[in-house]
1. Check A77 against each of (1) over 26 Å from N221 (Cα atoms); (2) touching a His at 6+ places or on another chain (Cβ under 7 Å) and name the one condition it does not meet.
2. When the stretch 106-161 is examined, which residues are found to be among the charged types (D, E, K, R) and touching a residue at least 60 places away in the same chain (Cβ under 8 Å)?
3. Residue check: is A8 under 28 Å from N173 (Cα atoms) and surrounded by 13 or more Cβ atoms within 10 Å (Cβ to Cβ)?
4. Which of the residues belonging to the stretch 18-37 are at positive phi and either buried (at least 22 other Cβ atoms within 10 Å of the Cβ) or in a helix (DSSP H, G or I) (or both)?
5. So, in the stretch 100-110, exactly how many residues are out of contact with any Lys or Arg (no Cβ under 9 Å at 6 or more places or on another chain) and either closer than 26 Å to D7 by Cβ or not basic (K, R) (or both)?
6. Which one of A64, A40, A15 is touching a residue at least 40 places away in the same chain (Cβ under 8 Å) and either assigned by TED's automatic domain parsing to the domain that holds V121 or in a helix (DSSP H, G or I) (or both)?
7. For V118, are the conditions met, namely being touching a Cys at 6+ places or on another chain (Cβ under 7 Å) and in a strand (DSSP E or B)?
8. Only residues that are charged (D, E, K, R) and within 23 Å of G174 (Cβ to Cβ): list them for the stretch 46-64, please.
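The values are calculated or read from the model by the stated rules, or taken from the named source; none is laboratory data. As the structure is a prediction and not an experimental result, all values here were calculated from the model. Here the Cβ is made from the backbone with ideal geometry for all residues, glycine too, and neighbour counts use every protein chain on show.
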Amino acid sequence: MMAEASDALRGIAVAAAEMVADGQDVGLGTGRAATAFIHALAERVRQGLTIRGVATSVESAELAQRLGIPLTSLEEAEQLDLAVDGADEVDPAGNLIKGWGGALVRERIVAASAQRLVIVVGTEKLVPVLGTRGRLPVEVVPFGLPLARRRLADLGCPGEPRMQGGELWLSDNGNAILDCRVTGIEQPQQLECQIRDIPGVVGTGLFLGMTDTVLIQDGDNVVVRQVRSDASP
């Protein structure tokens, strides 16, 4: 199934890998599109490209190591040249909802550490307004789950703890994820601030004003959407 997904996203994966220059430090995202990118980047590494990667999850780190991509840390790299990641929703302004894969906090840290954020998605992830697909992940310290659930319900986005095999699912940071029910988020910046003010909340899946370039897989075609005017292709 993952191989099929990677094949379907190969165009944007290769296009993103071609944006990487020799000697750069690169953020490696998490999820299906990011996995396809890591495979495409590994092909370039085998052809002689010299780079270092910083992974947003244990899963992506293990994949990169298995494919021969050298890894480093944010402490050693300090600033990344670019980060490439997927998204669960992309609005017309390049704002995102991320975190369905559970790596939202590390993805945000890596994205904020990069000079450029490149998002790779299929057309099904394009939405007219954030919240269209009905789900906003929020990462919460486990002790704070009861309070966070009450406060999120008060904000009109009730959340259910993410479970796996009957057990509370925990992120690589050891935190829980509340998957909040949303519809159209009319004021995402306001909602972001309100959620982050809840004690115990570590981060939300709202990534606002962070994207530089969106690469969209539309059938066999790759559509490039420049979000920032100074973003180079």
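1. Result: A77 passes all but (2).
2. Our first condition is that a residue be among the charged types (D, E, K, R); within the stretch 106-161, this holds for 106-108, 116, 124-125, 133, 135, 139, 149-151, 154, 160.
Hits for the stretch 106-161 are R106, E107, R108, R116, E139.
3. Working: under 28 Å from N173 (Cα atoms): no; surrounded by 13 or more Cβ atoms within 10 Å (Cβ to Cβ): yes.
Against the criterion (under 28 Å from N173 (Cα atoms) and surrounded by 13 or more Cβ atoms within 10 Å (Cβ to Cβ)), A8 does not qualify.
4. Selection gives G31 alone.
5. Within the stretch 100-110, the first condition is being out of contact with any Lys or Arg (no Cβ under 9 Å at 6 or more places or on another chain), and the residues that meet it are 103, 105-106, 109-110.
With the extra rule that they be either closer than 26 Å to D7 by Cβ or not basic (K, R) (or both), the set shrinks to 103, 105, 109-110.
The qualifying residues number 4.
6. Among A64, A40, A15, only A15 is touching a residue at least 40 places away in the same chain (Cβ under 8 Å) and either assigned by TED's automatic domain parsing to the domain that holds V121 or in a helix (DSSP H, G or I) (or both).
7. Details: touching a Cys at 6+ places or on another chain (Cβ under 7 Å): no; in a strand (DSSP E or B): yes.
Considered against the rule, which asks whether it is touching a Cys at 6+ places or on another chain (Cβ under 7 Å) and in a strand (DSSP E or B), V118 comes out as no.
8. Selection gives E59, E62.
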